[in-house]
Amino acid sequence: MTLPVKGLVFVQDFIIRLKSSLPVALGSGLSARRYFWVGLFLSTALLVQQSIGWRWTLLTGLQDDDTYKLATGFGLLAFVLYQWRFSVKRAQGEQRKAATMMGRHKLFGTLLPLFFFFHSQTLGYGYQEIFSLTLLLAFLTGLLNFQIVQIHKPWYRPVWISAHVGLSMMLLLLMVYHVYLDYAFK
Ligand code: HEM
Ligand code: HEM
């Protein structure tokens, strides 16, 4: 086999392997504990960054640009809507799909502090701070789900899901307000 053909076969083989391993990685590939540790690491890193006031100069430059803010804002919007899609699918009775989506819900949810950081390096002031904290609390309740916090009491799961879904609803309302304030008056 000539060298370019060999190279092509290698690339094809790689794509086939990637295609078959991606659903596993995005699905239930990671254990509940791994999500927890990754999420804990990212949220602690964000907390430390906020407390010491460290800024990534390159990102600060990008964040001064309105188009960048808009693009990453829409990224966050898509992210939150995707997290909600899981709930919608379940309500529609798509149990099989909902199981795959649960894995992705946890995977994307765990990466949330990173998405946030690329949109804003501060929690903001006033309502923006409440908004950012709501996002982080929705994230933290998600992280401390019943697979991690093993409280075997009948009240625990209803209290947990009410807190997680309640914060997620508040997030949607604050997001509408954020977009409205930023655009309606400009
Ligand atoms: C969960 C979702 C979101 C969170 C937690 C969030 C949070 C924030 C925060 C804390 C700031 C202040 C940044 C600073 O002071 O440097 C900010 C600014 C901004 N956001 Fe968002 N945002 C979200 C979604 C969105 C969406 C959906 C859009 C628009 C499509 C958007 C557009 C903007 C713009 C244009 C700014 C700059 C103007 C300003 O500081 O008010 N954001 N965001
Ligand atoms: C801002 C981010 C998040 C949002 C907006 C969000 C939203 C939601 C919503 C609306 C539900 C309800 C689904 C339903 O039963 O109808 C849900 C369930 C759930 N979420 Fe999240 N979530 C987020 C982050 C996370 C994270 C980071 C994790 C864990 C790593 C997580 C774990 C779970 C689990 C395990 C359930 C299923 C509860 C059950 O089986 O009854 N979530 N989430």
Any residue at all in region 140-149 that's over 23 Å from residue 115 (Cβ atoms) and more than 16 Å from ligand 1 (Cβ to nearest atom)?
yes
Could you figure out which of (1) free of Cβ contacts under 8 Å to residues at least 40 places away in the same chain; (2) among the hydroxyl-bearing types (Ser, Thr, Tyr); (3) within 21 Å of residue 59 (Cα to Cα) isn't true of residue 120?
(1)
Any idea which residue in region 89-109 is modelled with the highest pLDDT, counting only those that are buried (at least 17 other Cβ atoms within 10 Å of the Cβ) and among the aliphatic types (A, V, I, L, M)?
107
Kindly evaluate residue 67 against the criterion of being loosely packed, with under 15 Cβ neighbours inside 10 Å, of a type in the set (Ser, Thr, Tyr), closer than 24 Å to residue 41 by Cα and within 10 Å of ligand 1 (Cβ to nearest atom).
no
Do we have any residue at all in region 146-156 that's over 25 Å from residue 52 (Cβ atoms), exposed (fewer than 13 other Cβ atoms within 10 Å of the Cβ) and β-branched (Val, Ile, Thr)?
yes
Just for region 110-143: of the residues that are over 19 Å from residue 77 (Cα atoms) and buried (at least 17 other Cβ atoms within 10 Å of the Cβ), which one is nearest to ligand 2 (Cβ to nearest atom)?
143
All but one of (1) farther than 22 Å from residue 45 by Cβ; (2) in contact (Cβ under 8 Å) with a residue 60 or more places away in the chain; (3) within 13 Å of ligand 2 (Cβ to nearest atom); (4) surrounded by 14 or more Cβ atoms within 10 Å (Cβ to Cβ) hold for residue 174, so report the exception by its number.
(2)
With the requirement that a residue be touching a helix residue (DSSP H, G or I) at 6+ places or on another chain (Cβ under 9 Å) and either of a type in the set (A, V, I, L, M, F, W, C) or over 15 Å from residue 118 (Cα atoms) (or both), what does region 48-61 give you?
54, 56, 59
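The values are calculated or read from the model by the stated rules, or taken from the named source; none is laboratory data. Quick caveat: nothing in here was measured; it's all calculated off a predicted structure. With ideal geometry, Cβ positions are generated from the backbone for all residues, glycine too; neighbour counts draw on all protein chains shown.
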